Amino acid sequence: MLDVCLLGTGGTVPLPQRWLTSCLIRYQGSSLLIDSGEGTQITLHKEGYSCKQIDAILLTHYHADHTTGLPGLLLSMAKSDRTEPVWIIGPKGLKNFIDGVMKIAMYIPFELHLLEYEEQEFCFAMCGMEITAFRVRHSVPCWGYEINVERRPRFDAERAKQQNIPLRLWNPLQKGETVEYEGKVYTPDMVLGKPRKGLKLVYVTDTRPVPAIAAHAQNADLLIAEGMYGEAEKLEKAKLNRHMMMQEAASIAQEANVRELWLTHYSPSMPYPAMYKEEVRAIFPNTIISKDGQKTDLAFTEE
Ligand SMILES: [Zn+2]
Ligand SMILES: [Zn+2]
C-alpha cells in the first residue's frame with residue numbers, strides 16, 4: 001500500500017556501508033523521495049528501484065548531507081529518458097539552491113516544478129498523499145514532513161435505503177461523484193459510513209526535540225526520526241549542533257503513541273548504532289535501528 005524504503009541512514013558524512021540521508025515512499029504507482037544525500041541513486045538501484053519513476057523530491061533543509069545526491073540523481077533520471085516533469089518541494093531558498101544544482105546538472109530534458117514554502121506549517125497534496133511540512137529546530141531552517149493517506153469510508157447500503165436514494169445512483173455516489181437526478185442533488189456523504197483511519201508517516205531530521213514532532217506524529221503508523229547519537233556524553237554536542245539523540249527520538253515515539261519508530265541519520269562517530277538497541281527499546285519497544293535499505297509496506301489496519 002505505502003511502500004517505504006530508507007535509502008541512506010547516515011548523517012554528516014557517509015561510511016563505506018552507510019550512505020547519506022534519503023527516504024523513498026511509493027504509493028499507487030507514484031514515487032516520492034525525501035532528501036537526497038550522497039549515494040541516493042546507488043542504493044536506489046541496489047534496492048531494485050528505478051530513478052526514472054521519481055515524481056517528487058521533498059527537501060527538509062539544504063545541508064550537504066541531505067542534498068549532495070540530487071545533481072547525480074537528476075542526471076541519471078535524464079539518462080533514463082524521463083520526460084515527465086519532476087516536482088521539487090522545499091523551504092525558502094529552494095530556487096536559489098536549484099539554480100546552483102543546475103550549474104552542474106545542465107542537461108535535464110524534463111521540467112522541474114518548484115514549490116517553495118516558508119510557513120511554520122505548509123500543507124499540500126502530492127502523489128495522492130496529503131503532506132504537511134512543519135518547522136523543527138536545527139542550526140539552519142529545517143522542516144519535518146507528515147504524510148497522510150486517506151482511507152475512504154465504506155459504502156453504507158442501509159443509509160442509502162433509509163434515504164430512498166434510487167439504486168441507479170448508488171454506484172456513482174460510492175465512487176465519490178455528486179449526482180443530480182430528477183431535480184434533486186445527491187452527494188457521496190449520504191451513502192458513506194463512518195470515517196476510517198488512514199495511514200500516517202512522519203519523517204523528521206535534523207532537529208532538537210520540539211513539541212511539533214509529537215503533535216504531528218500522534219498515532220502515526222511510522223515515525224522516521226533522527227538518532228544522531230546514542231552515547232549519553234554526546235547530549236551536549238547534540239544540543240550545540242541541534243541534533244537529536246536516539247533516546248530523545250524514542251521518548252517522542254512513546255509520547256506520540258506511534259506504531260513503530262525507525263531511527264536514522266547516525267553520526268559517522270557511531271559505527272554500530274545497534275549497540276543502543278536495548279536502551280532505546282526500554283523507552284519505546286517498537287524501535288528499529290534502521291540500516292540502509294530498511295523497508296516496509298504499510299497497510300491499513302482492519303476495521
Ligand atoms: Zn543532516
Ligand atoms: Zn542538517
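The values are calculated or read from the model by the stated rules, or taken from the named source; none is laboratory data. Predicted model, so just to flag it, every value in this text is computed and none were measured. FYI the Cβ positions are ideal-geometry reconstructions off the backbone, even for glycines, and counts take in every protein chain you see.
Residues that are in contact with a strand residue (DSSP E or B) (Cβ under 7 Å, 6 or more places away or on another chain) and in contact (Cβ under 8 Å) with a residue 40 or more places away in the chain within segment 232-243 comprise ARG242, HIS243, listed in sequence order. Is it the case, given these coordinates, that ASN219 is more than 16 Å from ligand 1 (Cβ to nearest atom), in a loop (DSSP other than H, G, I, E, B) and either within 27 Å of the chain's Cα centre (by Cα) or of a type in the set (Lys, Arg) (or both)? Yes, satisfied. Kindly evaluate GLY128 against the criterion of being small (Gly, Ala, Ser) and either within 16 Å of ligand 1 (Cβ to nearest atom) or on the phi > 0 side of the Ramachandran plot (or both). Here the answer is yes, as GLY128 does meet what is asked. The sole residue among THR296, THR301 that is loosely packed, with under 15 Cβ neighbours inside 10 Å and either farther than 26 Å from SER139 by Cα or aromatic (Phe, Trp, Tyr) (or both) is THR301. For THR60, state whether it is within 14 Å of ligand 2 (Cβ to nearest atom) and in the same structural domain as GLU116 (by TED's automatic domain parsing). For THR60, the condition - within 14 Å of ligand 2 (Cβ to nearest atom) and in the same structural domain as GLU116 (by TED's automatic domain parsing) - is met.
Screening LYS92, LYS52 for residues that are farther than 23 Å from THR264 by Cβ, within 16 Å of ligand 2 (Cβ to nearest atom) and of a type outside the set (Gly, Ala, Ser) leaves exactly one candidate, LYS92. Each residue in segment 215-241 was checked for being farther than 18 Å from VAL149 by Cα and surrounded by 13 or more Cβ atoms within 10 Å (Cβ to Cβ), and 12 pass.
Within segment 184-194, is there a residue that is at pLDDT 95 or above, assigned to a strand (DSSP E or B) and among the β-branched types (Val, Ile, Thr)? No: zero hits.
Within segment 68-86, not a single residue is under 21 Å from LEU199 (Cβ atoms), touching a strand residue (DSSP E or B) at 6+ places or on another chain (Cβ under 6 Å) and surrounded by fewer than 22 Cβ atoms within 10 Å (Cβ to Cβ).
So that you can scan it fast, the table gives a plain yes or no per residue for (1) within 16 Å of ligand 2 (Cβ to nearest atom); (2) among the acidic types (Asp, Glu); (3) under 12 Å from the mean Cα position of the chain (by Cα):
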| position | (1), (2), (3) |
| --- | --- |
| LYS200 | no, no, yes |
| THR205 | yes, no, yes |
| GLY227 | yes, no, no |
| GLU233 | no, yes, no |
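Residues in segment 1-48 that are away from ligand 2 (no atom under 15 Å from the Cβ), more than 26 Å from LYS200 (Cβ to Cβ) and of a type in the set (Val, Ile, Thr): ILE42 alone. Being surrounded by 23 or more Cβ atoms within 10 Å (Cβ to Cβ), assigned by TED's automatic domain parsing to the domain that holds SER290 and within 17 Å of SER290 (Cβ to Cβ) is a property that holds for THR9.
Annotation: THR60 fulfils all but one of (1) under 21 Å from GLY8 (Cα atoms); (2) at pLDDT below 95; (3) in contact with an Asp or Glu (Cβ under 7 Å, 6 or more places away or on another chain); the unmet one is (2). Considering each residue of segment 3-29, count those that are modelled with pLDDT of 95 or more and either closer than 27 Å to GLY198 by Cβ or touching a His at 6+ places or on another chain (Cβ under 8 Å) (or both), and give that number. Adding up the residues that qualify gives 16.
Looking at segment 175-197, can you tell me whether even one residue there is closer than 26 Å to ILE57 by Cβ, surrounded by 14 or more Cβ atoms within 10 Å (Cβ to Cβ) and out of contact with any Cys (no Cβ under 8 Å at 6 or more places or on another chain)? Looking for residues that are closer than 26 Å to ILE57 by Cβ, surrounded by 14 or more Cβ atoms within 10 Å (Cβ to Cβ) and out of contact with any Cys (no Cβ under 8 Å at 6 or more places or on another chain), one finds none in segment 175-197, hence no.
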